[in-house]
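Every read-out reported here was derived from the displayed coordinates using simple, explicitly stated rules and does not represent laboratory data. It should be emphasised that the depicted structure is a prediction, and the values quoted were computed from it without experimental measurement. Please note: Cβ atoms are built from the backbone with ideal geometry, for glycine as well, and neighbour counts cover all protein chains shown.
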Amino acid sequence: MIATLLDFPHVIERLNDPVQVPGKNDMLAFYCPLHESSRRKGRCWINPHFGCLLLGCWSCGTDPQNGRSHKRKEIMSALGLTWRDCMPKEDVRKWMAVPGSRTIYHYKDEDGNPLYRVVRTEWQDDSGKRSKTFSQQRLFRDTDHLKDMVDKKWIKDMADTRRVIYRLPEVLKAIHNQRHIYFVEGEKKADLLWEMGFPSTCIAGGSNAHWLSGFTHSLSGADILILPDNDEPGITYGERVFAKLLLSNRMKSVSLFQLPDLPHSGDICDWVSAQDGGELVKIAYKFELLTAKSIPYGSIMIPKR
């Protein structure tokens, strides 16, 4: 089982006037002990992958998005708590990183200069069940604190970092050469399509990310074919991206296409794996024949839910 806030009464009783955050059953708001404020800017939530309790504050910079751990420790210290107080009971699922599962995807500007990266890590619990996490990290700046640095020159706080589509320089070149651009949910799928010879892109954060006008601008004049994951969130996300691109009136064409015979929650990676171990070149040819049947601008082709 995964821990809940009810498993940490000894922590919650130390929070200053905690209340549940509207719409989030696993998060509490409280008055941060590090500063005076008329609003509850402190946050207490469960890490869904490890079952441990985390504390943060929007003002102090320890919210779930940037996670500056040095401030988190200060909040815990001010409340008289240690990391042990925030760890789950022994019967709660324990997660460990899968060796060799860490993958890094770099996001670059038009000239190929690095802007930020996404670190993908797979985890496995004691029963063998797997999960995955994604961490967005930007380049370290002279104004940042050294204690926030990870891997020598990266920092988890994205701050005002410019957001771009994945593999932007290559996508722009493909658009210039009048190639179709495939839009997927996740860098792993985009890289697979590039390996098959099909220009592809995505955005960091997938279905949870906000669509920015800069993404639309980068894809202007392109023929876009969106390949959503075969589940409710994936299809909804695909429809949302489709609508954004269609309503911009800046695309040459936009199509939304679901590959046939995908299992529930399946994607392009699953479809390729199911092709009886054929050569990637032959699989790519079959994929091209299927997607060539995608429908014209302004339409959607997805199965009934």
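Below is a table of values for the structure above.
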| read-out | value |
| --- | --- |
| Neighbour-count ranking [beta-carbon atoms within 10 angstrom, fewest first] of LYS156, LYS282 | LYS282, LYS156 |
| Out-of-range pairs (alpha-carbon distance over 26 Å; input LYS153/LYS188; LYS71/LYS244; LYS152/LYS188) | LYS71/LYS244 |
| Neighbour-count ranking [beta-carbon atoms within 10 angstrom, fewest first] of GLU239, GLU110 | GLU110, GLU239 |
| For TRP154, residues with placed amide H under 5 Å, excluding near neighbours | PHE140 |
| Taking N as its residue count, the alpha carbon Rg of segment 168-301 over 2.2 N^0.38 Å | 0.98 |
| Rg to Rh quotient for segment 210-262, alpha carbon positions, Kirkwood Rh | 0.99 |
| For segment 267-272, Karplus couplings with θ = phi - 60° (6.51, -1.76, 1.60), whole Hz, Gly/Pro x | 8, 4, 5, 5, 5, 5 |
